[in-house]
Each structure stands twice: as structure tokens, then as C-alpha cells.
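The values are calculated or read from the model by the stated rules, or taken from the named source; none is laboratory data. Note that this is a predicted model, so its numbers are computed, not measured. Positions of Cβ are backbone-derived with ideal geometry, glycine not excepted, and every protein chain shown enters the neighbour counts. Accessible surface areas use protein heavy atoms only, side chains included; no ligands, DNA or RNA. Shrake-Rupley method; radii C 1.70, N 1.55, O 1.52, S 1.80 Å.
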Amino acid sequence: MSCDVMLIAYDGSDNARSAVDYAGRFLQAKRAIVLTAWEPMVRQAARMSGLSGVMAPEWLPDEQTEDIALADAKVTNSEGLELAVRAGINADGRCEESHSAIWTTIVETADEVNADIIVTGTRGRTGLRSLLQSSCADLVLKHSHRPVLIVPPGR
């Protein structure tokens, strides 16, 4: 299958690596974008303290220093880009800050670049765990109006 633009969601997990591999084996695109969505540390800390029932600390990020989550996202994205190039995909890397949920960032970026297909891995939760927590891939599939290739985890 050949397309103009393919968006590959990449978070550094084994499942994301597998998704890049499958994209290289089964899809062709004139252009691909390896996307790593990230959330600033201040929001991660606030969310985690809220989940634990502890008051969020009065912490503001240092404007002069790069957010550690962004630095990590750049390293992760570089790895995904390298895997894509090795898989024969003509790809560019991109890190996008998530303002709400990771799946929303993936869908919005796909819309922005007018992607013909979104490629993502999944953890493959089943049973009660899947009812309690939807996967990012499931939410991308449900909320995107584009074709989505979801690569399940290996055995």
C-alpha cells in the first residue's frame, strides 16, 4: 500500500518498535513522520500528586532550562527515527507537547499533516484491564477519521 503521508506514533516501547518494523515491511509512503508526544514534567507531577491524594507542590519549571520530559522525548524520537530509516522509511522526526492526552496529540498531529494512515503499537490489554483503562491506540482508532494500523504486542 502506498500513500503520501504516514504518521508513526513512537514512545520507545517494544510495541512501538514493532509498529515501526511493520510499517517498513507493509507500507510505503512518500513521507513519514515519527511522532513522539510528550507531557511537561510540571503537569506529570501535578497529575501524579493528585492521584496519590497529596497536595501538588508549588513548583514552577525553570524557564531557562529545557524540560527534562522534552529532552527525553527528543532522545526517544531520535531512536524511532533511526529505526524507521533502517526499515526503509523516508521519515522525519517530530516531538509534540501534549496539552490534554497523548491520543489527542496523535490525532491532532495526523490532522495537521493530513496523514493518510496512522501507525501505532498497543499493549494488547484484554479482559477487565481493558475495561478499566482504554489504550492510547484504542482511543486513536475511535477518535480519528483516518485509517489506523494497530500492531499488537508480540508473543
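Given a 1.4 Å probe and the protein chains as shown, Ser100 ends up with an accessible area of around 90 Å².
Give me the number: length gained by fully extending Ser13 to His143, i.e. 0.36 nm times residue separation minus the C-alpha to C-alpha distance, one decimal in nm. Walk me through the intermediate numbers first.
Working: separation 130, 0.36 × 130 = 46.80 nm, distance 2.25 nm.
Additional length available on full extension: 44.6 nm.
With each label modelled as a point 7 angstrom along the Cα→C-beta vector, the Ala71-Cys3 pair spans 3.5 nm.
If each residue of separation counts as 0.36 nm, what is the full-extension length gain between Asn114 and Glu97 once their alpha-carbon separation is subtracted?
4.3 nm
Computed 3J(HN,Hα) for region 77-92, one whole-Hz value per residue from the Karplus formula 6.51 cos²θ - 1.76 cosθ + 1.60 where θ = phi - 60°, is 5, 4, 4, x, 5, 4, 4, 5, 4, 5, 7, x, 9, 7, 10, 10, glycine and proline marked x.
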